[in-house]
Amino acid sequence: MVRYAEPGAVEWVESGGGPLIAVPETVLPFWAGADGDETASDYDRACEVDGFVGLLPVGDAAALVLGDEPAATSYLPDHETFVRWCAAESEDEVLAGVPAALATAAWEDEVSWVVPGPVVLFDAAWPGTDSARADHLTVALAPGRYAVRAASVRPGPETWLGLVQLRRLPS
C-alpha cells in the first residue's frame, strides 16, 4: 500500500499499468490474474472491460473491475466511494475535492453487484492467492446487493478524480 501522508492516512492502491479489481475474499483463490493456461487469462478479461466499471464472474460471485486508467485508488467508507487519483498536486487536494466531485458528478449507468462480504482491491494481473503480497486494500463491505455508479470529475482546475460509488440496496 502506498501512503502519501502521515501514518493512519488514506491508503492508496496502484497497479503496474492495468486495471484494478475488487474481488470478494471468499473467491480470491479463483482469480488467476495474468497466470493460467487458457487463451484469455482473468487479467485479459479485466482489460476488456470498457468504461469506468464492469463485473466479471469469479467462482460463485462477481468481481468489480475499475477500468479506464490505472490511477491510484482508495476507498473512503464515509462516502462509500472508491476514489481514483487521476491528477492533483497532493493527497490533501484529492481529499478536499471529493465532496464537490460527488455533488457535481455526471454518473454513468448503474450496475448491480452482489457481494458475499469484504472485498480485496488489487492489481488485476496478480492471482488472488498472491494479493496479500501485492499492493492491496481490504474493503469491509456487508454482504448484500449494491448499486455501483461511476464518474470522471474535475472538482478543480488541476484536480481530476475518478469516482466509483457503492450504495447498498434493500434485500
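Throughout, read-outs are computed from the coordinates displayed, never taken from laboratory work. Keep in mind that this is a model prediction, so the values were computed, not measured. Please note: Cβ atoms are built from the backbone with ideal geometry, for glycine as well, and neighbour counts cover all protein chains shown.
Label points 7 Å out from Cα along the Cβ direction at Glu48 and Ser171: separation in nm?
3.5 nm
Would you mind ranking Phe52, Phe122 so that the residue whose beta carbon has the fewest other beta carbons within 10 Å leads the list?
Ranked by crowding around the Cβ, least crowded first: Phe52, Phe122.
Given the options Ser74, Val111, Gly97, identify the residue whose Cα lies farthest towards the positive end of the charge dipole of the chain (+1 on Cβ of Lys, Arg; -1 on Cβ of Asp, Glu).
Val111
Which ³J(HN,Hα) values, rounded to whole Hz and listed in residue order, are derived for segment 69-84 from phi using the Karplus coefficients 6.51, -1.76 and 1.60 in 6.51 cos²θ - 1.76 cosθ + 1.60 with θ = phi - 60°, glycine and proline given as x?
Each residue's phi maps through the Karplus curve to give 9, x, 7, 4, 9, 9, 10, 9, x, 4, 10, 6, 9, 7, 10, 10 Hz.
Compute the acute angle (0 to 90°) between the alpha-carbon long axis of helix 91-104 and the principal axis of greatest extent of the alpha-carbon atoms of the chain; round to the nearest 10°.
Compared with the principal axis, the helix lies near 90 degrees.
How far apart, in nm, are two points set 7 Å out from the Cα along the Cα-to-Cβ line at Glu93 and at Arg133?
It is 3.7 nm.
With charges only on Cβ, +1 for K and R and -1 for D and E, what is the dipole size of the chain about its Cα centre, in debye, rounded to 20?
Dipole size: approximately 580 debye.
Choose one of Pro24, Ala134, Val13: the residue whose Cα lies farthest towards the positive end of the charge dipole of segment 1-151 (beta-carbon charges +1 Lys, Arg; -1 Asp, Glu; about the Cα centre).
Pro24
Using only the alpha carbons, work out the radius of gyration and Dmax of segment 1-153 in angstrom.
Calculated on Cα positions, Rg and Dmax stand at 14.9, 46 Å.
Would you mind ranking Asp78, Asp109 by Cβ crowding within 10 Å, fewest neighbours first?
If I rank by nearby Cβ atoms, fewest first, I get Asp78, Asp109.
With each pseudo-label sitting 7 Å past Cα toward Cβ, what's the Glu110-Ala147 distance in nm, one decimal?
Rounded to a tenth, the inter-label distance reads 0.2 nm.
Would you list Glu110, Glu89 from fewest to most Cβ contacts within 10 Å?
Final ranking by Cβ density, sparse to dense: Glu89, Glu110.
So which chymotrypsin sites (Phe, Trp or Tyr not before Pro) in segment 77-117 are both in a DSSP loop and have at most 14 other Cβ atoms within 10 Å of their Cβ?
In loop regions of segment 77-117 (DSSP not H, G, I, E or B), the sparsely surrounded chymotrypsin sites (Phe, Trp or Tyr not before Pro) are Trp107.
Compute the signed sum of charges (Lys and Arg +1, Asp and Glu -1) over the other residues within less than 12 Å, Cβ to Cβ, of Ala101.
That works out to +1.
Only Cα pairs under 8 Å and at least 6 apart count here; give the relative contact order of segment 2-168 as a rounded whole percent.
Result for segment 2-168 is 29 percent.
Calculate for the chain the 222 nm mean residue ellipticity that helices alone would give, adding -39,500 (n - 2.57) per DSSP H run of length 4 or more and normalising by residue count, nearest 500 deg cm²/dmol.
Mean residue ellipticity at 222 nm (helix-derived): -3500 deg cm²/dmol.
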